[in-house]
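Chemist: A single structure is presented below for examination.
The values are calculated or read from the model by the stated rules, or taken from the named source; none is laboratory data. Predicted model, so just to flag it, every value in this text is computed and none were measured. Here Cβ is always computed from backbone atoms with ideal geometry, including for glycine, and neighbour counts include all displayed protein chains. Just the protein is used for accessible areas: all its heavy atoms, side chains included, with ligands, DNA and RNA removed. Shrake-Rupley method; radii C 1.70, N 1.55, O 1.52, S 1.80 Å.
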Amino acid sequence: LVEFAGAVSDVVLADGGRVVKFIGDEVMWVSSTPEQLAKVALDLVEHPRARDASLQVRAGLGYGRVLAIGGDYFGTAVNLAARLVGAAAPGQILVSSDVRDELADWGAIPQDPLVLKGFDSPVTAYDLHLSR
């Protein structure tokens with residue numbers, strides 16, 4: 001995981017994102033566009049070192065207004081991304097409706113609505129295809 005953390009940082013930076021923090025074996029990153037978010041997620045899920053090490057990489061993506069305080073980020077998009085990654089299967093990228101709306105040309109399959117902690121009603125997530 002230590003070696004993979006370095007590789008994760010390299011991927012995030014190369015794809016135009018910024019690592020916010022590592023939380024155990026999870027990473028939180030931010031990007032200025034949904035395309036950059038999705039590119040990072042795709043590159044991480046398909047990373048050869050992750051596959052070689054049998055790591056079960058998954059991603060959850062949210063996009064929208066956030067509040068930045070002391071180098072960390074807060075808001076509905078952040079909370080939703082955290083819940084989506086928790087609901088994703090290994091190798092899966094679950095994205096919010098906001099991300100899906102911005103990536104209309106990317107393949108995404110709607111999932112059954114998810115009941116997620118902190119959200120009053122079920123949330124529709126989309127499984128982002130690995131091929132664009």
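Chemist: Between a first residue in the stretch 35-57 that is touching a residue at least 60 places away in the same chain (Cβ under 8 Å) and a second residue that is of a type in the set (Val, Ile, Thr), which pairs have beta carbons less than 8 Å apart while being 6 or more apart in sequence or on different chains?
Modeler: Correct list of pairs: Leu37/Val99; Ala38/Ile93; Ala38/Val95; Ala38/Val99; Ala41/Ile93; Leu42/Ile93; Val45/Val57; Val45/Ile93.
Chemist: Which one of these does Ala88 not meet: (1) touching a residue at least 24 places away in the same chain (Cβ under 8 Å); (2) farther than 30 Å from Asp120 by Cα?
Modeler: Result: Ala88 passes all but (2).
Chemist: Does the stretch 10-20 contain at least one residue that is over 26 Å from Gly75 (Cβ atoms), open to solvent by 30 Å² or more (accessible area, probe 1.4 Å), over 14 Å from the mean Cα position of the chain (by Cα) and at pLDDT below 95?
Modeler: Checked against the condition, which is being over 26 Å from Gly75 (Cβ atoms), open to solvent by 30 Å² or more (accessible area, probe 1.4 Å), over 14 Å from the mean Cα position of the chain (by Cα) and at pLDDT below 95, the stretch 10-20 yields at least one hit.
Results for (1) under 23 Å from Lys39 (Cβ atoms); (2) out of contact with any strand residue (DSSP E or B) (no Cβ under 9 Å at 6 or more places or on another chain), shown as yes or no for each residue.
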residue	(1), (2)
Phe74	no, no
Val78	yes, no
Pro90	yes, yes
Leu94	yes, no
Ser97	yes, no
Asp105	yes, yes
Pro113	no, no
Asp120	no, yes
Ala125	yes, no
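Chemist: Which of the residues spanning the stretch 67-103 are surrounded by fewer than 16 Cβ atoms within 10 Å (Cβ to Cβ) and assigned to a loop (DSSP other than H, G, I, E, B)?
Modeler: If the condition is that a residue be surrounded by fewer than 16 Cβ atoms within 10 Å (Cβ to Cβ) and assigned to a loop (DSSP other than H, G, I, E, B), then Gly70, Gly71, Gly75, Ala89, Pro90, Gly91 are the ones that fit.
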